[in-house]
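Remarks on the structure that follows.
The values are calculated or read from the model by the stated rules, or taken from the named source; none is laboratory data. Fair warning: this is a prediction, and the values are worked out from it, not measured in the lab. Reconstructed Cβ throughout: ideal geometry from the backbone, glycine too, with neighbour counts over all protein chains shown. Accessible surface is based on the protein model in full, side chains and every heavy atom, while ligands, DNA and RNA are left aside. Shrake-Rupley method; radii C 1.70, N 1.55, O 1.52, S 1.80 Å.
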Amino acid sequence: MSADDLPPPRLFDRLLAALVNPSGGADAAFTLLEHRPPAAVVEVAGEGTGVVLLDRGEAPGDDLRASLDGIIQSHRGGLLFVVLVGGGAEARAALAEADRHAPRPSHLGVYHLDRDGRMSWVAGRRLRILQKAARGLAVVQPLDAAEFHAIALRSERDRDEAASFAASLQKRPARATIVLGSVCVALYMLTMLWGRGDAAYKGDGNLPPLIEAQVRMGANSAALVVAGQWWRLVSHAFLHANVPHLLFNMLALVSFGSFLEALIGWRCYLIVFTVSALSGGLASALIAENPLSVGASGAIWGLMAAGFGMVLRPGGPLPRLVAQRLRQRLLGVLAINGALSFLPGIDLWAHLGGGLAGFALAMGGLCGRRHEQAPEPRAVAIGAYVSAAVLVVALALAFAIGQPWQTGPS
């Protein structure tokens, strides 16, 4: 029999190959969980979203609805997508009927791959990445048994590594994040204490008491920085304008900062925070020439951008599945916060300056893979203590020179 006489590979095999090995590399969008024809189970890498492929050609007509119902009924958590490969109108009708009788229809999406290789949505939720992977199946080469076995082993290793990584993070405290957040809260309380006073009173420079207190405590100001008060480039990161401003920044600091500190260690984390705060302060004062700016958002942008840099850089500190999951989430978070940065009253340049600094530090290798057994580079240890000294000295100078407790009429 010649090669031209061989039957063409089944669509089921082509689709499965496209999902778990789209480019022959290690960054497939899906991981293989089970391969037992006429069915296969894959998962969106790092997300826990399951996709079940069912070959219509090997599922008897009388058993099709029973097979679909069994798949859907056995699903317990997360999102589930079912793709029926082959068949015609009766296959689509069976899918639609199974969706209507699903116990959790809001967690289900059903697709049909027809005999011509066209993927179409039938009912329920949609999964764009699934539709994208199904394009161009005619040129996809199916995998043999050995290749499927190798992919399954790799997927199992990835899941084990992700689980071990998650367990290890829970054992690492986030003390630096707690200290930085506590300082921010304490200074805000002092701002409210010292900034209260007669509303008609105008202090130094004809400022209201609250603004005067912020200036005395180290708020960033283009004119004062140019005059030589460099500490404001850092001290402003611990001050906040109002309760919503404080709460929003502290929520971001605790939610993402704790994760990042556990990942890279407090020393590297402190360097990223300090350099990002300084870079954001420089951009705000020297580029935007803002007359007054406070808030930790520049430093927090640096932390988020450093995390994004780590998931982009090959050989970073995150397991493959975790990096794939965080890549999309961080990109979305940065996009949303980037749009919010253009709102009135938001220091756009502080965000940009801090974000660029954090991203550069991560891409430059500062936040490399952190092995508990390996000694930390001496440069990182020195940089951490220098960063801590800069933060302490900046606040000390702000208080010693500004004497914020003297805010208000004497």
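With the full set of protein chains in place, find how many percent of the accessible area of segment 135-175 is carbon and sulfur; take the probe as 1.4 Å. Reported share for carbon and sulfur atoms: 55 percent. A 1.4 Å probe run over the protein chains yields, for the chain, 49 Å² of accessible area per residue, whole-number rounding. For the residues 74, 297, 155, a GNM of the chain with alpha-carbon springs under 10 Å puts the largest fluctuation on 74. The solvent-accessible area of residue 248, taken with every protein chain present and a 1.4 Å probe, is close to 110 Å².
Annotation note: trypsin sites (Lys or Arg not before Pro) in segment 75-159 located in DSSP loop regions with a Cβ neighbour count of at most 13 within 10 Å are 76, 115, 118, 126, 135. In a shell of Cβ-Cβ distance under 15 Å around residue 146, excluding residue 146 itself, what net charge do Lys and Arg (+1) and Asp and Glu (-1) give? So the surrounding residues net to -2.
Spacing of the modelled spin labels on residue 376 and residue 118, each 7 Å from Cα toward Cβ, amounts to 6.0 nm.
The distance between label points at residue 161 and residue 406 comes to 6.0 nm (points 7 Å beyond Cα on the Cα→Cβ vector).
Each listed q (0.15, 0.16, 0.21 Å⁻¹) maps to a log10 I(q)/I(0) for segment 181-332, found by the Debye formula over equal Cα scatterers with no solvent: -0.81, -0.89, -1.27.
With both labels modelled 7 Å from their Cα along Cα-to-Cβ, the residue 149 to residue 331 distance reads 3.6 nm.
For segment 251-410, what % of the accessible area comes from carbon and sulfur atoms, probe 1.4 Å?
69
Using the C-alpha gyration tensor of the chain, what are the square roots of 5 times its eigenvalues, in whole angstrom, with the largest one first?
Over the Cα atoms of the chain, the semi-axes work out to 56, 23, 17 Å.
In this calculation the C-beta distance from residue 342 to residue 89 is compared with R0 = 41 Å, giving a FRET efficiency of 0.25. Once the C-beta distance of residue 132 and residue 392 is scaled by a Förster radius of 45 Å, the resulting FRET efficiency is 0.30 to the nearest 0.05. Computed in the context of the full set of protein chains, the accessible area of segment 92-132 at 1.4 Å probe radius has 47% of its extent on carbon or sulfur. Considering only alpha-carbon pairs that sit under 8 angstrom and 6 or more positions apart, the relative contact order computed for segment 140-261 is 27 percent.
How large is the translational diffusion coefficient of segment 91-245 in µm² per second when you combine the Kirkwood radius over alpha carbon pairs with Stokes-Einstein at 20 °C and 1.002 mPa s?
Taking Rh from Cα pairs, D becomes 94 µm²/s.
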